[in-house]
1. Quick one: Karplus J couplings for the range 656-670, per residue in order, coefficients 6.51, -1.76, 1.60, θ = phi - 60°, nearest Hz, x for Gly and Pro?
2. Multiply the residue separation of TYR281 and TRP445 by 0.36 nm, subtract the distance between their alpha-carbon atoms, and state the gained length in nm to one decimal.
3. For the range 693-705, in order, what is each residue's ³J(HN,Hα) by Karplus, 6.51 cos²θ - 1.76 cosθ + 1.60 with θ = phi - 60°, in whole Hz (x at glycine and Pro)?
4. What is the Cα centroid distance between the range 642-709 and the range 379-453, reported in whole angstrom?
5. With the other protein chains left in place, how much accessible area per residue, in square angstrom, belongs to the range 221-268 at a 1.4 angstrom probe?
6. Return the long-range amide H neighbours of GLN55 (sequence gap of 5 or more, or a different chain), with a cut-off of under 5 Å between placed amide H atoms.
7. Under the Karplus relation 6.51 cos²θ - 1.76 cosθ + 1.60, θ = phi - 60°, what is the ordered set of whole-Hz ³J(HN,Hα) values for the range 292-307, x standing for Gly and Pro?
8. Hey, what's the range 528-648 come to in accessible area per residue, 1.4 Å probe, Å²?
Amino acid sequence: MSLSGSLAREAVVEGVLRDPGGQPLEFVNLALEESPLGTSTDQEGYFRLEVPSGQPLVLQITYLGFRTERIPLQLAAGETRFLEITLEPLPTHLPDVEVRGRQILSTDITRLDPRLSTQLPGPGAGVEGLIRTLPGVISSTELSSQYAVRGGNYDENLVYVNGIEIYRPFLVRSGQQEGLSFLNPDLVSSISFSAGGFNAMYGDKMSSVLDITYRSPESTAGSVSLSLLEGSLHLEGISGNRRFTYLAGFRYKSNQYLLGTLDTQGDYSPSFADLQGLLTYRFGDNLKLSLLANYNSNRYLFRPEVRRTRFGTITDVREFTVFFDGQEVNHFHTSMGALSLNYDPGGDFSMVLSTSIFQSDEKEHFDVLGQYWLHRVETDFGQDDFGQPTGEPLGVGSFLNHARNYLNAIVLNASLKGQWRNDRHNILWGVSFQHEDIFDRLNEWSLIDSAGYALPRHPLHQILLQDTLQARIGLISNRLSGFVQNTWQFERGHGRFDLTAGLRSNYWDFNRQWLVSPRSTIMYKPGWASQWAFRASAGFYHQPPFYRELRDMQGRVNEDIRAQQSIHLVLGSEFNFTAWERPFKYTAETYYKFLDHLIPYELDNVRIRYWADNSSRGYATGLDMKLHGEFVPGIESWASLSVMQTREKIEGAFVIDPQGEKMPAGYVPRPADQRFSYSMFFQDFLPRNPSYQVQLGFFYGTGLPFWAPTGDRQKNTGRMPSYQRVDIGFSKQLIGEASEIGADNPWRHFSSLWLTAEIFNLLEINNTISYSWIRDVENQLFAIPNYLTSRLINLKLIARF
């Protein structure tokens, strides 16, 4: 059959597409076979397509993760036929697998299936682990849940849970100390992420937004997860009158087993626990009250004993040996409570009134004495001492690191948000007030003694301490913010347009700065190419300083500091296609970010130390691409590739040329300047027995820049080695929907039971997270790489009931 372009389109087919749960499906592709005619569904799942009359047609419907439908049609002239269609998930026998990942081009939001967060292998799995597999996201450590996006840093990312902004501890300086993040994957129902160009409804950060929604229980259920690293329990339920629901989760983690693979050996005693819950009560069809509460306790005790690190080239290997005495004790206790009142009369208007309180109580104590030796290692196979330290030490010395740091922070927030919508408009607005009370007491220093000389050396032979930081800081301030945005939907003969434009404003009484941030996004879905969608975004993104940006490296607070600014320009496209009779989606985005009033910073492991002045300007530009689909029928996998450059020009920064002269540094790489990255999440199963599955996580990123800690603005740049990691998991479903279990069998209460064996760092690559710096008697610096974890086997059991 062929359709001539001269045929009159005298009939109309329209309708609504939903999933089996009754939820509308957006951006489902509909096309007439052997014809260029096609369209896609809107946010309500509605579609409308003009078709030729008086001849047999076949309407093909494709959507990632669902069965492709082919509907025969033959319409009379002038006829309008309405279809209500429920798309069915692909008919595989894969248990507990549902594909939800998709991208909404009109808002630059990528949505992910939260259940994949428990299937991704690796010590840094969870929601943040999934985010790290997306293009534009930078992560160079598996020990931390933090990530950077498109040249930004860890503090430039917004995280929301049920509309409440989430904060994290301030004093964490390494991934080993970090513990559990706020996000509990057992409680999550949806994950939405934007790497830039997001709308005005989201807050005042420069890089990204992660929007999490917790589940609304429909029945009594729960799950238990146990592994060699952590355990979790979650329960949920609903009352008989369906007015009251509860959702609760408890997690405990001790990565002592994992930390044992690090170069520094000793007594690791980490203990991380988290308890959170969501309670909701419906007073009627229009009014709902919800309480979200969390308590997180991260305790980290470490008594180092010895460290042996080898580094260098094949022919020039060096060994750094340290013997330790002392200990490190850190306590990070955070709690949060949020009360929300939702009013939704079921018409065009709804409102949400929310109040929240966040408190963080942090303590960092350490007294660690180290005595070190730096030797060459014999690399000649013919020598008897091959592979052993040889010759005179290249460096000998000792150091003493001391800290007594305390921080207490309280953040109070009250907000009112509303929505009004009709057939052509969707207006969102909101106002928010925030009060912050932060008290910080700092007392830390270090002493280096190399070959009997205390460094730095004083002409009167007095002992000087390095990196001295002593301060008592109290900061009380208030912030006021608001936004309004509207989405217009309109169609032209050649396609459909969605335009979202908004304005965001905020004021902070500490620096008395008032900011206005316009943002807009337009999406075009061409009628002549129904498989394509295009999007363009532009906007201002101001980031007023929080506490850490205010404090410099000497513990002083800059009261004249201003907000950092980023102007985003983003162009994106999406192409849906079918290969091997399975749906795939290719997305690409190119972006340019003008960065101004930047606050320079230094990154050591996951610790960010700001210069606390707006002395820099720069840019970030790059290309992000992602291909995802059903490489294996019924299971979603994807691969992401990013190319990026971010540089800045810092006032007063200089470099030392080969002649030892100072020269202006000009534009230098920013700390998150990862030029190329590639990540992949792949799943497979045995065709004849799909209860056996395999999951693979692959990460590659070129090295990040680093600088020697000279204490000034010297920017002679080095590059760390590239970050390379492969994690793999092998799973077996012991109990599933198809399992036949007798009425007297105690396992009958479980709906599914999975056993997984994981291999972390399969290729056993030594990845570098940072450098330790030592000096010899001539005050010359040596960079000693701090390696991340090595290969490890983990076992995990997940039961749902």
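The values are calculated or read from the model by the stated rules, or taken from the named source; none is laboratory data. What you see is a predicted model, and the numbers here were worked out from it, not measured in a lab. Areas reflect the complete protein model, heavy atoms only, side chains present, ligands, DNA and RNA absent. Shrake-Rupley method; radii C 1.70, N 1.55, O 1.52, S 1.80 Å.
1. 9, 7, x, 8, x, 9, 7, 9, x, 6, x, 7, 10, x, 6
2. 53.8 nm
3. 10, 9, 10, 10, x, 10, 9, 9, x, 5, x, 7, x
4. With the range 642-709 and the range 379-453 each reduced to a Cα centre, they are spaced 19 Å.
5. Per residue, the range 221-268 has an accessible area of 45 Å².
6. LEU75
7. For the range 292-307, the Karplus curve yields 10, 9, 8, 9, 10, 10, 10, 10, 9, 10, 9, 10, x, 10, 8, 9 Hz.
8. Spelled out: the 1.4 Å probe surface of the range 528-648, per residue, equals 36 Å².
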